[in-house]
Amino acid sequence: MEEKDIAIQISGLKKRYRLGVIGGGTLQGDIQSWWARKRGKEDPNSVVGSKQHQKNATFMALDGIDLTVEKGQRLGIIGHNGAGKSTLLKLLSRVTAPTEGKICIDGRISSMLEVGTGFNGELTGRENIYLNGAILGMTKAEVDAKMDQIIAFSECGQFIDTPVKRYSSGMYVKLAFSVAAHLDSEILIMDEVLAVGDVAFQKKCLNKMSEVSQSEGRTILYVSHNMSTIRQLCEKCIVMSHGKIIYSGDVEEAINIYLQAESIESPYIEYKNFPEMNRLKNPKVKIESARFIDKDDILFDRNSDKLPIEINWENREDIQDMSLRVEILKFDRTPIAASIYPDFYSGKKGEKGSIKFMLEMPNLVTGKYTTNFTFFHKLSNGSHVNIEVVHGLYFNIVQGPEPIDWQSRYFGNILLPELEVID
């Protein structure tokens, strides 16, 4: 590969953090902690029960990354929480500096690392567009030429002259993505932020990223836990684990490696042991465990028609008319089917609840599946407000007595009855 065809070249990249040395939240707190350590005293800002002797330990967020990204390539980056994905993107965006290693970048970078990155809350949406254009080295005339496109794509035209501090998180993301996608940059970096937007806008963004990559030759780096969007957008994918790249290559193979590492293949899950799971903050109800009833494994025959499941929870607040939604998803977390049990539970704060049920399996083809469990309230307009969400149990549908030649990757995961021929 010629050097002119390379957008990003990374070699021996490391990022080391010293745990507990700074970052108390205020300058005063950091000075207090530093002075206490200098005198050999206990840190007055430490968490009660924390081990003081670990305060000067180091953490390798990235531990020797080598990566080459070609111009115009759409690269997916996946991995568990804490694998180093966001740290890598921050180094590429020059938000922080590497401890060791070398990064060579050919082109200007436009990035979305978190909601509101690069925006000044006191400025209006229009003013922030000019600000981001100036950061990229564009003139006012160049930004003006793209202003109408940016506003139209963002769907924020009514509020474009309102200070962005009044925007919702979804509006932030819509405007920020529109700015990043339309202003002149050769490399576009996205870190999970599209999950905040609505489904229609997510699809619109993915189509836009594909378009600018193919028509304008822009390089895309995309981090997401949504394997469906990774598969839709990316042509190559890397898997990160504990600060290292453990795989680089085909998207499908990368997804399989990631999901195999993430899956908890057990007929029982105790959720308190999984603090990094993607759960709501401060849920009204906390699911404590889920299990397959009277099962020692996760294998189900193709001809079985129901999954026997038990869920246990504790109320964090008083609850009225709570409903349950159970989703069946493909192993890559593509939704397949769902079932709802409405308004089945009310209880007081501190009480524990439990439900046992049989979940229908709609003619699933052979393969590996998973579930989501969601407690929610129904509103009068028919919409749902989630009060607790967890990624649930995995299970395998195994071959029955009459195997069927079926490629679920291409034709879906629900096998309909055979066609009825009409004479």
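Every read-out reported here was derived from the displayed coordinates using simple, explicitly stated rules and does not represent laboratory data. Only a predicted model underlies this, so the values are computations on that prediction, with no experimental measurement involved. Cβ placement follows ideal geometry from the backbone for every residue including glycine, while neighbour counts extend to all protein chains displayed.
Label zone (Asp294, point 7 Å along Cα-to-C-beta; backbone nitrogen cut-off 16 Å) within region 339-368: 356-359.
Spin-label model, Thr366 to Val199: label points 7 Å out along the Cα-to-beta-carbon direction sit 3.1 nm apart. In this structure, the pairs whose alpha-carbon distance is over 21 Å, taken from Lys284/Lys352; Lys284/Lys306; Lys90/Lys244; Lys306/Lys352, are Lys284/Lys306; Lys306/Lys352. Segment Thr139..Arg108, full-extension length gain: 9.7 nm, with 0.36 nm per residue of separation and the alpha-carbon distance subtracted.
When N counts the residues of region 211-268, how does its alpha-carbon radius of gyration compare numerically with 2.2 N^0.38 Å, as a ratio?
Cα Rg divided by the expected 2.2 N^0.38 Å: 1.32.
With a Förster radius of 56 Å applied to the beta-carbon distance between His80 and Ile422, the computed FRET efficiency rounds to 0.60. Considering only Cys205, Asn226, Ile245, the residue lying farthest towards the positive end of the dipole of region 184-252 is Asn226, judged by Cα position with unit charges set on Cβ. Given their separation in residues at 0.36 nm each and the Cα-Cα distance between them, Asn386 and Thr68 gain 110.4 nm when the chain is fully extended. Between Val95 and Leu123, the C-beta separation translates, for a Förster distance of 25 Å, into a calculated FRET efficiency of about 0.80. Once the Cα gyration tensor of region 268-403 is diagonalised, what are the square roots of 5 times its eigenvalues, in whole Å and ordered largest first, as equivalent ellipsoid semi-axes? Ellipsoid half-lengths, sorted descending, are 28, 16, 14 Å. Averaging the Cα positions of each part gives two centres, and for region 62-76 and region 363-378 these lie 34 Å apart.
Each label point was placed 7 Å from the Cα along the Cα-to-Cβ direction; for Arg16 and Lys349 their separation is 4.7 nm.
Taking 0.36 nm per residue of separation and subtracting the Cα-Cα distance, full extension of the segment from Thr162 to Lys378 would add 74.5 nm.
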